[in-house]
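Here's the structure we're looking at; comments come further down.
The values are calculated or read from the model by the stated rules, or taken from the named source; none is laboratory data. Owing to the predicted nature of the structure, the values given are computational and were not obtained by experimental measurement. All Cβ positions, even for glycine, are placed from backbone atoms using ideal geometry, and neighbour counts span all protein chains on display.
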Amino acid sequence: MPTKAQRPRIPETTEGQKKARLAWNRGETGKGRKPADHPVVEECRVEECGTPTGGPRPAPGMVQVAGARDGAVAHWYCPDRCAAIARAHADLRSNGHQQVNP
């Protein structure tokens, strides 16, 4: 199969083709914006973030987030972004959703 660059480019010549393209794109024309230069979720740089509980708080300001199910181990996380992501993961797992990528 030829690559996209090798395929012939057939112009939209009829009014019906142009209307179909605008309907498909919901009226949007032109080029889309370029993708972001940074990852969606960046890796945390705090060494103690994500450690299981079982002793004293590893660093000041760390937040304890409970596990997904009864008996699941709680972990220590950074107070803002990491704790929010951990709570969301635990909430999804506890409501009967299955984890796609362990």
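Condition test on Thr13, is it of a type in the set (Ser, Thr, Tyr) and modelled with pLDDT under 80?
Numbers: of a type in the set (Ser, Thr, Tyr): yes; modelled with pLDDT under 80: yes.
Answer is yes for this residue.
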Q | Meets criteria (aliphatic (A, V, I, L, M), out of contact with any Phe, Trp or Tyr (no Cβ under 6 Å at 6 or more places or on another chain) and modelled with pLDDT under 80) for Val46 | A | no
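Anything in segment 31-55 that is of a type in the set (Gly, Ala, Ser) and either surrounded by 10 or more Cβ atoms within 10 Å (Cβ to Cβ) or under 14 Å from His75 (Cβ atoms) (or both)? List them, or say none.
At the first step, the residues of segment 31-55 found to be of a type in the set (Gly, Ala, Ser) are 32, 36, 50, 54-55.
Within segment 31-55, Gly50, Gly54, Gly55 meet the criteria.
In segment 68-90, how many are more than 21 Å from Glu43 (Cα to Cα) and at pLDDT 75 or above? Even if it seems obvious, please write down each step before you answer.
Let us first name the residues in segment 68-90 that are more than 21 Å from Glu43 (Cα to Cα), namely 68-73.
If we keep only those that are at pLDDT 75 or above too, we end up with 72-73.
Result for segment 68-90: 2.
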Q | Complete set of residues in segment 16-30 that are modelled with pLDDT of 70 or more, surrounded by fewer than 10 Cβ atoms within 10 Å (Cβ to Cβ) and either assigned to a helix (DSSP H, G or I) or among the small types (Gly, Ala, Ser) (or both) | A | Gly16, Ala23, Trp24, Gly27
